[in-house]
Amino acid sequence: MTEVRSVVLIADDDAMKTAVGKAIDHLGDMSLEVRTGTLSSVNGAAAQFLNDHDLLIFRLSDDADTDLVSQMRRQVSASGTLMALSDRDISLSEMRALKKSGVDEILPFPIGRDELAEQIQRLATPRSMLPTLYSQPGTRRLGQVIGVCPVRGGIGASTLAVNLADQLQGRTGTFRKRNRNRVAVVDLDIQFGTIATELDLAPSAGLFKMARDRVRPDRTFLEQCLVKHASGLEVLTAPDEFMPLDAFSREQIATLIETLRQEFDYVVLDLPRTLVDWLGAIVSSCDRMLMVTDSTVPSIRQAYRLIDFFSQERLELPVEIVVSHEKKKIFGAAHYAEAEKLLGRKLRHWLPHDPHNARIALDRGQLLSQAARGSGLSKAIRHLGRKIMQETQSVALGHAHKAA
Ligand SMILES: Nc1ncnc2c1ncn2[C@@H]1O[C@H](COP(=O)(O)OP(=O)(O)O)[C@@H](O)[C@H]1O
Ligand SMILES: [Mg+2]
């Protein structure tokens with residue numbers, strides 16, 4: 001990109017001015033404006049600077065900076081990127097408070113020229129250039145996006161979503177402590193989402209803010225809203241405030257998916273059972289859509305209607321049917337064949353009815369792999385996870401084979 005990006009520095013320290021100047025010179029395609037002072041001494045002009053430049057860098061001077069940043073963020077909402085340089089030790093809680101108030105990155109000073117340049121490069125890149133989003137070398141991923149979509153309420157979609165995500169981490173090693181894959185789960189059942197409770201996590205306001213402030217959900221946004229679960233899963237929870245289902249734009253959801261795809265090996269989306277416009281963005285870009293149903297006539301009909309609706313969006317739909325609460329019956333052949341014919345695909349995956357273990361996990365706020373590892377339900381989801389990982393691998397190796 002040859003477009004010149006602009007950076008403004010607010011600092012009262014010569015060493016800092018020199019260092020930032022050198023980093024900017026090194027990058028070449030950036031302009032720098034320097035303001036001598038502090039965030040508070042520029043007296044409210046900071047918000048304007050933030051608006052006018054791609055990146056605002058400031059020297060962290062005192063605790064009051066957190067409040068100033070919050071004020072600025074309120075004035076210019078989510079646009080503009082902020083970097084703080086700190087030449088004193090700051091505590092983890094102070095760092096958290098700063099991030100929460102809206103600072104995108106806090107770096108220690110002094111800092112090496114190359115590292116500073118790299119961070120400036122990353123943060124000054126406008127959000128509109130998202131597809132070429134910066135990732136640290138070696139961390140750029142092109143993850144698989146898997147939607148989990150229920151045909152009716154209470155069918156077990158959310159249970160599948162979180163526990164499948166857990167299995168997709170591909171734990172290995174002694175005590176199964178090492179995760180091979182980075183996995184994110186997003187609770188897009190924004191009105192009735194249960195994932196935070198299922199995992200005993202405090203809900204984040206991220207999705208609510210994304211809707212209210214019309215945020216383009218980039219990497220910085222994700223860093224602020226993803227909640228890490230002890231298992232390693234990174235979770236974007238449903239908001240705990242009520243919001244209308246159509247509060248997101250289709251573009252926002254498309255951006256969210258692409259951003260997640262770059263950061264994770266697998267992204268699992270727990271979907272609402274109501275049809276809403278932005279589902280189209282998911283249908284058209286996901287690698288798989290697991291449709292969770294049972295084999296009763298009304299559920300199969302509903303599955304058919306959903307597939308029909310999704311087909312308007314995309315011809316070759318990667319929909320796979322998951323039959324939940326059921327064991328495949330030996331004498332069900334004719335009934336299944338009829339369902340498969342209507343849906344145009346196999347009843348591919350089966351999850352047993354296992355209310356006892358599902359309940360234990362739910363009550364403890366734990367994953368099945370923790371609460372009921374040996375249970376039939378846990379095993380079936382592990383099996384499904386392995387299939388997906390194998391198929392992903394063989395596709396990556398160039399032996400793409402069609403899903404059965
Ligand atoms: N295979 C299963 N067998 C028995 N109970 C289940 C199963 N899957 C989920 N449940 C239970 O059913 C209820 C609804 O599950 P949930 O995953 O929240 O469904 P959904 O997201 O489709 O509404 C929960 O109490 C859950 O513990
Ligand atoms: Mg659910």
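The values are calculated or read from the model by the stated rules, or taken from the named source; none is laboratory data. A quick note: this is a predicted structure, and the numbers were derived from the prediction, not measured. Positions of Cβ are backbone-derived with ideal geometry, glycine not excepted, and every protein chain shown enters the neighbour counts. The protein model used for the area step is the full one, side chains on, heavy atoms only, and it has no ligands, DNA or RNA in it. Shrake-Rupley method; radii C 1.70, N 1.55, O 1.52, S 1.80 Å.
Count, please, the residues in region 156-181 that happen to be more than 12 Å from ligand 2 (Cβ to nearest atom), closer than 20 Å to L256 by Cβ and modelled with pLDDT of 95 or more.
First, pick out the residues of region 156-181 that are more than 12 Å from ligand 2 (Cβ to nearest atom): 163-181.
Applying the additional criterion that residues be closer than 20 Å to L256 by Cβ yields 164-165, 168, 181.
Of the ones still in play, those that are also modelled with pLDDT of 95 or more are 164-165, 168.
The number of residues fulfilling the criteria is 3.
For region 333-367, name all the residues that are surrounded by 16 or more Cβ atoms within 10 Å (Cβ to Cβ), free of Cβ contacts under 8 Å to residues at least 60 places away in the same chain and within 20 Å of Q302 (Cα to Cα).
Y336, A339, L343, R345, L347, R348, H349, W350
Condition (residue is at pLDDT 90 or above and within 19 Å of A11 (Cβ to Cβ)) applied to region 90-109: is it met by at least one residue? I'd like the intermediate steps shown before the answer.
Applying the first criterion (at pLDDT 90 or above) to region 90-109 yields 109.
Checking which are within 19 Å of A11 (Cβ to Cβ) leaves us with 109.
Yes, because at least one residue in region 90-109 is at pLDDT 90 or above and within 19 Å of A11 (Cβ to Cβ).
From the set of residues in region 261-307 that are away from ligand 2 (no atom under 16 Å from the Cβ) and acidic (D, E), which is most open to solvent (accessible area, probe 1.4 Å)?
Selected residue: D277.
When region 189-207 is examined, which residues are found to be in contact (Cβ under 8 Å) with a residue 60 or more places away in the chain, buried (at least 20 other Cβ atoms within 10 Å of the Cβ) and assigned to a loop (DSSP other than H, G, I, E, B)?
Selection gives D189, I190, G193, L199.
Among the residues of region 317-332, what is the count of those that are within 25 Å of D166 (Cβ to Cβ), surrounded by fewer than 20 Cβ atoms within 10 Å (Cβ to Cβ) and β-branched (V, I, T)?
0
Consider region 241-251. How many of its residues are surrounded by fewer than 19 Cβ atoms within 10 Å (Cβ to Cβ), more than 22 Å from R152 (Cα to Cα) and not small (G, A, S)?
3
Out of region 358-377, which residues are farther than 12 Å from Q167 by Cα and more than 16 Å from ligand 2 (Cβ to nearest atom)?
Narrowing region 358-377 to residues farther than 12 Å from Q167 by Cα: 358-366, 371-372, 374-377.
Passing the criteria: I360, D363, R364, Q366, A371, A372, G374, S375, G376.
Among the residues of region 279-306, count how many are of a type in the set (A, V, I, L, M, F, W, C), farther than 30 Å from G170 by Cβ and touching a helix residue (DSSP H, G or I) at 6+ places or on another chain (Cβ under 8 Å).
Qualifying residue count for the region: 1.
D12 versus (1) open to solvent by 70 Å² or more (accessible area, probe 1.4 Å); (2) in contact with a Leu (Cβ under 9 Å, 6 or more places away or on another chain): which is the lone unmet condition?
Every listed condition holds for D12 apart from (2).
Tally time: how many residues in region 340-361 are assigned to a helix (DSSP H, G or I) and either in contact with a Phe, Trp or Tyr (Cβ under 9 Å, 6 or more places away or on another chain) or at pLDDT below 95 (or both)? Even if it seems obvious, please write down each step before you answer.
Kept after step one, since they are assigned to a helix (DSSP H, G or I), are these residues of region 340-361: 340-343, 355-361.
Next, only the ones that are either in contact with a Phe, Trp or Tyr (Cβ under 9 Å, 6 or more places away or on another chain) or at pLDDT below 95 (or both) stay: 342-343.
Matching residues across region 340-361 total 2.
Quick check on region 320-336. Is at least one of its residues out of contact with any Cys (no Cβ under 9 Å at 6 or more places or on another chain), within 16 Å of ligand 2 (Cβ to nearest atom) and assigned to a helix (DSSP H, G or I)? Reasoning before the result, please.
Of all residues in region 320-336, those out of contact with any Cys (no Cβ under 9 Å at 6 or more places or on another chain) come to 320-336.
Right, trim to within 16 Å of ligand 2 (Cβ to nearest atom) and you get 322, 324-325.
Still in the running and assigned to a helix (DSSP H, G or I): none.
No, every residue in region 320-336 fails to be out of contact with any Cys (no Cβ under 9 Å at 6 or more places or on another chain), within 16 Å of ligand 2 (Cβ to nearest atom) and assigned to a helix (DSSP H, G or I).
Checking S40 against (1) assigned to a loop (DSSP other than H, G, I, E, B); (2) surrounded by 21 or more Cβ atoms within 10 Å (Cβ to Cβ): exactly one of these is not met. Which one?
Unmet condition: (2).
Does A230 satisfy the condition of being of a type in the set (A, V, I, L, M, F, W, C), open to solvent by 50 Å² or more (accessible area, probe 1.4 Å) and free of Cβ contacts under 8 Å to residues at least 12 places away in the same chain? Working first, answer last.
Numbers: of a type in the set (A, V, I, L, M, F, W, C): yes; open to solvent by 50 Å² or more (accessible area, probe 1.4 Å): yes; free of Cβ contacts under 8 Å to residues at least 12 places away in the same chain: yes.
Yes; evaluated as a whole, the condition is true for this residue.
List every residue pair whose Cβ atoms sit under 6 Å apart, with the two residues 6 or more apart in sequence or on different chains, where the first one lies in region 103-122 and is closer than 14 Å to D54 by Cα and free of Cβ contacts under 8 Å to residues at least 40 places away in the same chain and the second, anywhere, is of a type outside the set (D, E) and open to solvent by 30 Å² or more (accessible area, probe 1.4 Å).
R122/Y134
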